[in-house]
Amino acid sequence: MARTPLLQLNDISLTFGGDPVFSDLSLIVQPGDRVALVGRNGSGKSTLLKVMAGLVQADKGDRVLAPATTVGYMQQDPDLSGFTTLGDFAASELEPSESYRVDMVAEGLKFDPATPVETASGGERRRAALAKLLAEDPELMLLDEPTNHLDIEAIRWLEDQLAGTRSGFVVISHDRAFLAALTRATLWIDRGQVRRQEQGFAGFEEWRDKIWAEEDDARHKMDRKIKAEARWAVEGISARRKRNMGRVRALQDLRSERASMIRRQGAAEMALTSGPKSGKRVIEAVNISKSFEGKEIVRDFTLRVMRGDRVAFVGPNGVGKSTLLKILTGEVEPDAGDVTLGTNLEMAVFDQNRTQLDPNATLWDSLTSDPSMRVSGQSDQVMVRGTPKHVVGYLKEFLFDEAQARAPVRSLSGGEKARLLLARIMARESNLLVLDEPTNDLDVETLDLLQDILGEYDGTVLLVSHDRDFLDRVATTTIAMEGDGRATIYAGGWSDYQSQRKESAEPEVKGKPSAKPAPEPKEKTKPKKSGLSFTEAHRLKELPSVMERLEAEIGKLEELLADPELFTREPVKFQKATDALVARQTALSDAEEEWLVLEDKAAG
């Protein structure tokens, strides 16, 4: 027996500002569906969710909701006017006897329902909107970036809640791990068209790439056909008195069809250039401690960050990750202990609160007002890694169009604000990147590009993120902040940290002890104790992957320099590649020497 759909959109068309967002869009959401809604920033994901919620009226088409079906929509920017506390807002649609549901959800999402609306942060407001939706438990949940401003612990709690619900849901999220764990179908918005695949997000990228490859193949075939027909039109027609007008019209139709093909939006042309090489030792923190208002942020913490490290900081919201980052970079003084910064550091900072962006300034002014980007006497130029560029041209590299250049920053989406901040950071040379929640609101393609850029970056990276997939792809060291001043260093990314933590938590002996103790062996051999400190042991585990990365980079550079014409064709590129090769060979030699010293010490 066929199921009655919860929601059906039929031939929906919608236009904003003259440009069609959707044309003849149709889709169905069935009871119990678990759907990922994906697409590039600006493709219309949030708009489509609002159409599904009935908050945006389409220009054409029908929205059909099954009788008595309840729909809940979680907004990115909820309107809390008229409410005194976050709890009042979250419980506004519940019966008084059901308000306890808000308290239960608030515990999992880690926010206080008694928080006054007027003092609540943006993150607290979003958590209240999510709590409202979960407490109401509608038959269809529409979630717009629910994991933003949640720490990993709260994200996993939310995963468990959604995994156990009987409701259907459609979710927009940049968090790959979250989508892969929960979804069983994917809606993909691409150039105004919505495709559906009955497979969760885990299979999305393979599906997308296959469709794009088929598109490219069809476009190439059409280009070849047009070229052949155009040649016939010139050569064949001129050789005949009577023209084959049918074939000429067919050529015109081919050209019209080719012109109507909407070219895919390219990836942002983001790039990072390392400044002068920093010293080998970037940060040395010894026995540092810090407290705020009686709360211990970190206690007796020691860390050495070497050039080229990618260090991630993880832990619950409010535990002090950003504060520790500021201590390590010299912005905040520790209460005890010492922090020594290495030589020749050029630091670039990505702030999670986007405080470097003035919401009332235009995108143009946001770039030209930055002293590090200013070009003397040229109000329409910005300095990008030592080269002047036109403001609009540089904005286009980050997927902004010309019309947005004079728009205020406050009009941008979360993903667009993140791209604008990345544009400012990437315009300057640096050798130490400090990234505090850079992944919020970025689409999958931009995240992929950012990961690739960080992988090729010569400098050092300090990173705070709740995106588990991103941490696994980028981090070489993870520092877990677990509260009460405890900060523990683990090798690798998020999955490595979880694995090592699990191993260290497993009891050595399982089951009850026997009544009679086992007799001791006649000769008892004491285990050999390593002579390494904790930091040294961690570094010894990390060095093989460091050396492997350096060897791979050396191989790429040697392949580039094998081109005999590179020197005469691109002398600047040749010199940069030569300098980079020498630097990596030196770094590899240093790493190998360090590994040998630590191996000997461990064996001794």
Task: Residues (modelled with pLDDT under 90 and basic (Lys, Arg)) located in the stretch 172-194 - done: ARG191
Open item on the list: Looking for something crowded, with 20+ Cβ neighbours inside 10 Å and over 21 Å from LEU7 (Cα atoms) - is there at least one such residue anywhere in the stretch 161-171?
Closed with: no
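Output the residues belonging to the stretch 48-62 that are under 16 Å from ASP24 (Cβ atoms) and among the β-branched types (Val, Ile, Thr).
Of the stretch 48-62, the ones under 16 Å from ASP24 (Cβ atoms) are 48, 51, 58-62.
Answer for the stretch 48-62, where residues must be under 16 Å from ASP24 (Cβ atoms) and among the β-branched types (Val, Ile, Thr): just VAL51.
Return yes or no: is GLU482 in a strand (DSSP E or B), of a type in the set (Asp, Glu) and not assigned by TED's automatic domain parsing to the domain that holds ALA587? Working first, answer last.
Values: in a strand (DSSP E or B): yes; of a type in the set (Asp, Glu): yes; not assigned by TED's automatic domain parsing to the domain that holds ALA587: yes.
Spelling it out, GLU482 is indeed in a strand (DSSP E or B), of a type in the set (Asp, Glu) and not assigned by TED's automatic domain parsing to the domain that holds ALA587.
Condition check ((1) hydrophobic (A, V, I, L, M, F, W, C); (2) at pLDDT below 85) across all residues:
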| residue | (1), (2) |
| --- | --- |
| VAL409 | yes, no |
| ARG419 | no, no |
| GLU429 | no, no |
| GLU437 | no, no |
| ASN440 | no, yes |
Task: Residue count, the stretch 559-604 (criterion: among the charged types (D, E, K, R), farther than 20 Å from GLY459 by Cα and part of a helix (DSSP H, G or I)) - done: 6
Task: ARG156 being in a helix (DSSP H, G or I), of a type in the set (Lys, Arg) and free of Cβ contacts under 8 Å to residues at least 12 places away in the same chain - done: yes
Task: Qualifying position, being assigned to a loop (DSSP other than H, G, I, E, B) and out of contact with any Pro (no Cβ under 6 Å at 6 or more places or on another chain), among ASP103, ASP62, ASP112, ASP88 - done: ASP112
Open item on the list: Whether any residue in the stretch 296-303 is more than 28 Å from the chain's Cα centre (by Cα), among the β-branched types (Val, Ile, Thr) and more than 25 Å from GLY123 (Cα to Cα) is what I want to check.
Closed with: yes
TODO: For residues that are crowded, with 22+ Cβ neighbours inside 10 Å and polar (S, T, N, Q), tally how many sit in the stretch 116-147.
DONE: 1
Open item on the list: Any residue that is without any contact (Cβ under 8 Å) to a residue 40 or more places away in the chain, assigned to a loop (DSSP other than H, G, I, E, B) and more than 28 Å from the chain's Cα centre (by Cα) - is there at least one of those in the stretch 29-46?
Closed with: no
Task: Identity of the residue in the stretch 115-146, in a helix (DSSP H, G or I) and hydrophobic (A, V, I, L, M, F, W, C), that ends up farthest from GLY415 (Cα to Cα) - done: ALA135
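Of all residues being within 30 Å of the chain's Cα centre (by Cα) and part of a loop (DSSP other than H, G, I, E, B) in the stretch 65-85, which is modelled with the lowest pLDDT? Just the residue, please. Walk me through how you get there before you give the answer.
Step one: of the stretch 65-85, the residues within 30 Å of the chain's Cα centre (by Cα) are 71-80.
If we keep only those that are part of a loop (DSSP other than H, G, I, E, B) too, we end up with 75-80.
Values: GLN75: 80, GLN76: 77, ASP77: 80, PRO78: 87, ASP79: 88, LEU80: 92.
This residue is GLN76.
Could you check the stretch 373-391 and list, in sequence order, the residues that are at pLDDT 80 or above and either among the hydroxyl-bearing types (Ser, Thr, Tyr) or within 25 Å of the chain's Cα centre (by Cα) (or both)?
If the condition is that a residue be at pLDDT 80 or above and either among the hydroxyl-bearing types (Ser, Thr, Tyr) or within 25 Å of the chain's Cα centre (by Cα) (or both), then SER379, VAL384, ARG385, THR387 are the ones that fit.
Rundown of residues vs (1) in the same structural domain as LEU143 (by TED's automatic domain parsing); (2) closer than 24 Å to GLY203 by Cβ; (3) in contact with an Asp or Glu (Cβ under 8 Å, 6 or more places away or on another chain); (4) not charged (D, E, K, R), yes/no style:
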position: THR47; (1), (2), (3), (4): yes, no, no, yes
position: ASP59; (1), (2), (3), (4): yes, no, no, no
position: ALA66; (1), (2), (3), (4): yes, no, no, yes
position: GLY72; (1), (2), (3), (4): yes, no, yes, yes
position: GLN76; (1), (2), (3), (4): yes, no, yes, yes
position: PHE83; (1), (2), (3), (4): yes, no, no, yes
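The values are calculated or read from the model by the stated rules, or taken from the named source; none is laboratory data. The model shown is predicted, which means the values in this text are computed figures rather than measured ones. Reconstructed Cβ throughout: ideal geometry from the backbone, glycine too, with neighbour counts over all protein chains shown.
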